1. (1) more than 14 Å from the chain's Cα centre (by Cα); (2) surrounded by 14 or more Cβ atoms within 10 Å (Cβ to Cβ); (3) of a type outside the set (S, T, N, Q); (4) not in a helix (DSSP H, G or I): which one isn't true of Cys56, the others all being true?
2. Check the range 4-12 and report whether any residue there is under 14 Å from the mean Cα position of the chain (by Cα), at pLDDT below 90 and either surrounded by 11 or more Cβ atoms within 10 Å (Cβ to Cβ) or part of a strand (DSSP E or B) (or both).
3. Pairs needed: first member in the range 18-29, on the phi < 0 side of the Ramachandran plot; second member anywhere, polar (S, T, N, Q) and surrounded by 15 or more Cβ atoms within 10 Å (Cβ to Cβ); C-beta distance under 7 Å; at least 6 residues apart or different chains.
4. Quick check on the range 59-81: of everything there that is assigned to a loop (DSSP other than H, G, I, E, B) and among the small types (Gly, Ala, Ser), which residue is modelled with the highest pLDDT?
Amino acid sequence: MPSLLGRRRLVSYQIKIIPSAEQEIRALPAYVRAQARQLVPALARSPRPSRAKELCDNPGTYRIWLAGRWGSSIRWTMINK
């Protein structure tokens, strides 16, 4: 029987974007919007990337800042089913 030590099981998560979030993404400047559109699908593979910070006042909700000082962020909640 082959050893499973050292192997990772690949898990994919489902991402749902609410309509108001999609509107906010469309309203961003093009370079920030491009960053958001790359980041969101990547969360399906890695829902807690190293840049993500869990919000103190809302456990289970994470945030990543976009494009440095622009002041926009993506926030998401992990829901286990």
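1. (2)
2. So in the range 4-12, the residues under 14 Å from the mean Cα position of the chain (by Cα) come out as 12.
So of that shortlist, the ones also at pLDDT below 90 come out as 12.
Next, from what is left, pick out any that are either surrounded by 11 or more Cβ atoms within 10 Å (Cβ to Cβ) or part of a strand (DSSP E or B) (or both): none.
Checked the range 4-12: no residue is under 14 Å from the mean Cα position of the chain (by Cα), at pLDDT below 90 and either surrounded by 11 or more Cβ atoms within 10 Å (Cβ to Cβ) or part of a strand (DSSP E or B) (or both).
3. That search, which allows pairs on different chains as well, returns Leu28/Ser72.
4. Top of the filtered list is Gly60.
The values are calculated or read from the model by the stated rules, or taken from the named source; none is laboratory data. No experiment lies behind these values; they were computed from the predicted model shown. Heads up, the Cβs are rebuilt from the backbone with ideal geometry, glycines too, and the neighbour counts pull from every protein chain shown.
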